[in-house]
Ligand SMILES: N=CN[C@@H](CCC(=O)O)C(=O)O
Ligand SMILES: [Zn+2]
């Protein structure tokens, strides 16, 4: 299987094999009138169309003419919770009337509501829901997604969620990076016995997940009235000892010291960070922890946005993600995320593109394989309907992705009636 994408008005390579920090986040390494050559799912050549055409026999390739169109690496959504049962539209309605996310949680709603529904849901139901959500992400140009558990909070349901991610990874072309978030909330069975719940996770759940290879990352909701810094540290250090990579939901609602903890335990990323302290940001920069910012959540919660400008100016690598989940942010729309980041977080568009490509790849530990159009990387590539990446935030909150290639195979084509091309090919 050999493909050639040629005549791209902008080939936005995002070239690199490590996360881009500070000033480097602006560098997109764009090739005008660019072309990409793919063989067996891997990028073989990248350059100017006229030069590449001189080196090959075009008739040997399946050719896509991207004249008047921009070509970018597939987007990576590095923070989502997309496998869950039920909906929380009633809670959202209460929030529209002024209730806060934490007030709803303190009254027994919030995450626990989704836990009840996810415990009740069968594996097949969760797989069906997951497939639809993945298709929606695909239409926004997502080729790799991180997905968290955390709506089970008991052994069986946490494992069920992770097994659903594994099955979805097998049946859907989008790659899924699974994260275990058993410490997402305190289950009612353990009310006020946080440390006993953490011990249960460490002793009973983590070893099983490791043995079955069901998750690469372990995450924790480190937040006032959820898991304290000490409880989070205990879990994260135990997970690290077992060989898991680490993530944290940190300093989302209260400035608790989550950013500092992320640096201390050398997490791959700390996420949310709306209330992260200067000291925490500085410590993260020194330890190379990626700041994964989730502007659609801040928008949906009507909270102040994370201080992206300060973080980038202080040398952090910032990634952007959707945080797709049933409570605080029900969207799989990375175009909206980019629009919000550029409108309300003072990120330049170039920084935002870096944040959903190479930096997001680094946030899921895959910066050597995906996140840029570089020779040797997987051919995860999108073609836009328009000539420039500048059209992405300009078309606020809608997708301008025309085609998506995963491992060099066309899997989505907006122009066709049967647009999810992978269903035909599989
Ligand atoms: N803040 C914690 N967890 C999720 C929300 C989960 C939910 O409300 O269901 C988040 O990242 O926003
Ligand atoms: Zn989250």
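The angle between the Cα long axis of helix 111-120 and the main principal axis of the chain comes to about 80°, on a 0 to 90 degree scale. What is the Cα centroid distance between region 186-201 and region 12-37, reported in whole angstrom? One Cα centre to the other: 45 Å. DSSP bridge analysis restricted to the chain gives an antiparallel fraction near 45%, rounded to the nearest 5. Peptides 151-163, 83-95 ordered by packing proxy, namely the average of other Cβ atoms within 10 Å per residue, highest first: 151-163, 83-95.
Classify region 340-426 as rounded, prolate or oblate from the Cα gyration tensor: take a ≥ b ≥ c as the square roots of its eigenvalues, call it rounded if a/c is under 1.5, otherwise prolate when a/b beats b/c and oblate if not. Judged from the Cα gyration tensor, region 340-426 comes out oblate (a/c at least 1.5, b/c at or above a/b).
Classification of region 1-72 by its C-alpha gyration tensor yields a prolate form. The axis ratio a/c (a ≥ b ≥ c) is 1.5 or more, and a/b outweighs b/c. Between helix 278-287 and the chain there is an angle of about 60 degrees, using the helix long axis and the longest principal axis of the Cα atoms. What shape does region 76-363 take by its C-alpha gyration tensor, where a ≥ b ≥ c are the square roots of the eigenvalues and a/c under 1.5 counts as rounded, a/b above b/c as prolate, and the rest as oblate? Rounded, because the longest to shortest axis ratio a/c is under 1.5. May I ask for the distance between the Cα centers of region 271-343 and region 129-147, given as a whole number of Å? The two parts, judged by their Cα centres, are 20 Å apart. Counting only DSSP H runs of at least 4 residues, each contributing -39500 (n - 2.57), and dividing by the residue count of the chain, the helix-based mean residue ellipticity at 222 nm comes to -10000 deg cm²/dmol. Compared with the dominant principal axis of the Cα atoms in the chain, helix 229-241 is inclined by about 60°. Potential lengthening of the chain between residue 120 and residue 67 amounts to 14.1 nm, from the contour at 0.36 nm per residue minus the alpha-carbon distance.
Laboratory data are not the source of any read-out in this text; all were calculated from the coordinates shown. Just so you know, these numbers come straight off a predicted model, no measurement behind them. Neighbour counts run over all protein chains shown; Cβ positions are idealised from the backbone, glycine included.
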